[in-house]
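Colleague: Got a structure here, written out as structure tokens. Questions coming.
The values are calculated or read from the model by the stated rules, or taken from the named source; none is laboratory data. In this text the structure is predicted, and so the values were computed from the model without any measurement. Because the Cβ atoms are built from the backbone with ideal geometry, glycine has one as well, and the counts that use them run over all protein chains shown. What goes into the accessible areas is simple: the full protein's heavy atoms, side chains included, and nothing from ligands, DNA or RNA. Shrake-Rupley method; radii C 1.70, N 1.55, O 1.52, S 1.80 Å.
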Amino acid sequence: MPTEDDRVSRMSRDELTELQNERLVRQVAYAYERSSFYQALLDAAGVTPADIQSLDDLPKLPFTKKSDIQDRFPYGLCAVEPKDIARIHSSSGSTGRPVNTCYTANDMAAWGQCMSREMRNAGATPEDVCQIAFRYTLFTGAFGHHLGAETLGAAVIPTSSGQTDRQILMMQSFGTTVLHCTPSYAVVIAEKMEEMGIDPKALPLRLGLHGAEPMTDGVRDEIQERLGYRIARDYGLTELGGCGVSCECEAQDGYHVNEDHFYPEVVDPNTGEPLPEGEIGELVFTTLTKEATPVLRYRTRDLSSLSRETCSCGCTLSRHGLILGRTDDMLIVGGVNFFPTQVECVLTAYQELAPHYVIRLSKRGSRDVVCVECELEPDAWAARSGDGLAALGERLRKDLRDNLAFGMDCAFLEPFSVERSEGKTKRVVDER
Ligand code: ADP
Ligand code: ZN
């Protein structure tokens with residue numbers, strides 16, 4: 001018998017739209033009635049809940065911005081009594097003031113359902129042994145993945161992050177099949193296994209669920225190769241309840257959005273106008289079922305595009321593409337805009353380079369200069385010669401210029417000289 005999740009994943013667009021219309025109308029009325037923030041926001045925009053009868057009316061609603069949530073930390077958007085809150089999580093704070101999210105018992109159940117659906121779409125089953133190597137803190141990653149694995153009926157090993165050699169011993173002892181952690185930590189684990197002389201391909205590991213920060217296809221492919229498993233990337237943000245918003249499936253062709261709980265839009269980041277399917281812009285989500293902290297038209301600042309085409313995996317839920325970057329991470333150098341992920345895409349084509357780099361911005365006189373400091377792979381480091389490095393530098397500078405439309409410098413570093421991260425990695429150092 002198909003589970004509830006399978007049913008939603010395979011609904012026709014009409015059926016899904018009907019469900020979303022119904023939930024949207026309910027969520028807007030609920031937010032207006034229960035949250036003083038939304039009442040004031042809608043009143044100021046001259047919109048009443050009665051104006052929202054279907055998804056077509058969504059553009060009438062004002063956006064919710066990150067600062068709205070930050071300014072009202074911790075309970076400003078809350079729509080329930082404190083006694084009805086079952087869980088609170090907060091952001092990792094990588095970009096300034098913290099934001100938080102609250103869950104009722106029903107929100108927790110929905111979170112578990114979203115995460116387990118994602119895991120199933122990614123190829124996990126109740127027979128899997130899931131090692132949760134996200135850090136168990138206020139950050140949603142560990143608890144969301146843990147809940148998803150439990151809801152799926154898999155076995156959970158809550159190792160948290162860190163103590164990497166012990167982490168690997170756990171994998172060997174318990175026969176871990178699914179590894180959950182940030183992309184950065186997956187790289188650290190791969191390196192540690194090599195150092196310990198352990199062949200990951202001899203372990204039962206078969207799937208990596210990695211998220212919470214960008215991972216380009218190049219780094220994904222490299223980790224798949226090194227750890228001998230398939231990767232599915234997942235996406236989410238604290239303001240919407242954390243991980244569990246969307247995830248790649250076995251087809252690795254976009255992130256399926258859990259559209260029965262989060263309605264996605266893409267808007268022009270400058271004008272806020274909704275963009276047609278396929279165009280790149282800012283992802284905006286409206287929660288459809290949230291009880292504790294409903295969020296209407298939340299501007300994520302993450303850039304991507306949407307597709308409603310049915311995926312080759314059979315799932316009909318919309319997909320967004322790779323997160324190209326968040327508008328906060330956009331770097332402006334000499335009037336040119338770029339994202340760190342664009343640099344990463346260039347670097348991953350080089351076998352000589354390890355997936356560890358720092359983008360350093362500084363001033364030379366009044367001019368902005370960028371230097372990409374890249375770590376060499378141990379073999380390339382051992383075989384380095386002055387001429388070889390000069391030629392590599394020349395090739396890399398040309399590639400960077402061709403891909404980013406402006407010139408940047410590069411420097412090569414000794415293996416293991418870039419600081420490793422067990423959580424999210426900070427790749428940009430701005431000394432300007
Ligand atoms: P913080 O803002 O402190 O990092 P969050 O943990 O809420 O707090 O981070 C959410 C953000 O992380 C997203 O808005 C997005 O920019 C980034 N992110 C999460 N998952 C992915 C992913 N799979 N790919 C790229 N970026 C991601
Ligand atoms: Zn799919």
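Colleague: R0 = 60 Å: FRET efficiency of THR17 with LYS363, Cβ-based, nearest 0.05?
Modeller: The calculated FRET efficiency here is 0.70.
Colleague: Which of these, LYS83, LYS201, LYS363, has the largest mean-square fluctuation under a Gaussian network model of the chain (Cα springs below 10 Å)?
Modeller: LYS83
Colleague: What nm value, rounded to one decimal, do you get for the distance between ASN106 and GLU279 when each label is placed 7 Å out toward the C-beta?
Modeller: 3.6 nm
Colleague: Longest span of the chain, sites excluded, free of GluC sites (Glu not before Pro) in DSSP loop with at most 14 other C-beta atoms within 10 Å?
Modeller: Of all site-free stretches, the longest is 128-276.
Colleague: Straight-line reach from LYS426: which lysines have Cα under 26 Å away, leaving out those fewer than 8 places along the same chain?
Modeller: Answer for LYS426, where 26 Å is the Cα cut-off: LYS65, LYS66, LYS192, LYS363, LYS398, listed by chain and number.
Colleague: Averaged per residue, what accessible area in Å² does the chain show with a 1.4 Å probe, protein chains only?
Modeller: That works out to 43 Å² per residue.
Colleague: Suppose we keep just the DSSP beta bridges with both residues in region 60-204; what percent of those would be antiparallel, to 5?
Modeller: If we restrict to bridges inside region 60-204, about 40 percent are antiparallel.
Colleague: Rank these by accessible area, largest first, 1.4 Å probe: TRP381, TRP111.
Modeller: TRP381, TRP111
Colleague: Something else: On a 1.4 Å probe surface of the protein chains, which of ARG230, ARG220 comes out largest in accessible area, and what is the full order? Don't skip to the end; give the middle numbers.
Modeller: Numbers: ARG230 60, ARG220 25 Å².
From most exposed to least exposed: ARG230, ARG220.
Colleague: Please work out the C-alpha center-to-center distance from region 1-75 to region 199-230 and express it in whole Å.
Modeller: Centre-to-centre distance over Cα atoms comes out at 36 Å.
Colleague: Here is a follow-up. Which length gain, in nm to one decimal place, applies between ASP6 and ILE332 when the Cα-Cα distance is subtracted from 0.36 nm times their residue separation?
Modeller: Full-extension gain reported as 113.0 nm.
Colleague: Further question: Counting helices only, and only those DSSP H runs with n ≥ 4, report the 222 nm mean residue ellipticity of the chain as the sum of -39,500 (n - 2.57) divided by its residues, in deg cm²/dmol to the nearest 500.
Modeller: -10500 deg cm²/dmol
Colleague: Give the residues of region 365-392 whose amide nitrogen is closer than 20 Å to a point set 7 Å from the Cα of GLU431 in the direction of its Cβ.
Modeller: 365-376
Colleague: Looking at the chain as a GNM with Cα springs under 10 Å, which of SER312, SER161, SER116 has the largest mean-square fluctuation?
Modeller: Of the options given, SER312 has the highest mean-square fluctuation.
Colleague: Extension gain ARG206-SER385, at 0.36 nm per residue separation less the Cα-Cα distance, in nm?
Modeller: 60.6 nm
Colleague: Ok, one more. What's the carbon and sulfur percent of the chain's accessible surface, probe 1.4 angstrom, rounded to a whole number? Can you show the working numbers first?
Modeller: On the way: 9120 of 18390 Å².
Summing carbon and sulfur atoms, their accessible area is 50 percent of the total for the chain.
Colleague: For the full complex of protein chains and a 1.4 angstrom probe, list ASP221, ASP368 by accessible area with the highest value first.
Modeller: Values: ASP221 75, ASP368 40 Å².
Listed by decreasing accessible area, they come as ASP221, ASP368.
Colleague: Right, another one. With +1 on the Cβ of every Lys and Arg and -1 on the Cβ of every Asp and Glu, and nothing else charged, how large is the dipole of region 1-326 about its Cα centre, in debye rounded to the nearest 20?
Modeller: Dipole about the Cα centre, nearest 20: 780 debye.
Colleague: Still on this structure, please answer the following. Using the crude model of +1 on Lys and Arg Cβ and -1 on Asp and Glu Cβ, and no other charge, please compute the dipole size for region 257-302 relative to its Cα centre, in debye to 20.
Modeller: It comes to approximately 260 debye.
Colleague: Under a GNM of the chain (C-alpha, springs under 10 Å), which listed residue has the highest mean-square fluctuation: PRO276, PRO183, PRO214?
Modeller: Answer for the Gaussian network model of the chain: PRO276.
Colleague: While we're looking at this one, here's another question. I need the calculated FRET efficiency for the pair LEU55 and GLU127, taking r as the beta carbon distance and R₀ as 30 Å, to the nearest 0.05.
Modeller: 0.20
Colleague: Now for a separate question. About the Cα centre of region 331-430, how large is the charge dipole given +1 on each Lys and Arg Cβ and -1 on each Asp and Glu Cβ? Please answer in debye to the nearest 20.
Modeller: For region 331-430, the charge dipole is close to 440 debye.
Colleague: Could I ask something else about it? For ARG120, what accessible surface area do you get with a 1.4 Å probe? Give it in Å², rounded to 10.
Modeller: 80 Å²
Colleague: Could you compute how much accessible surface HIS261 exposes when probed at 1.4 Å, giving the result in Å² to the nearest 10?
Modeller: Its accessible surface works out to 20 Å², give or take rounding.
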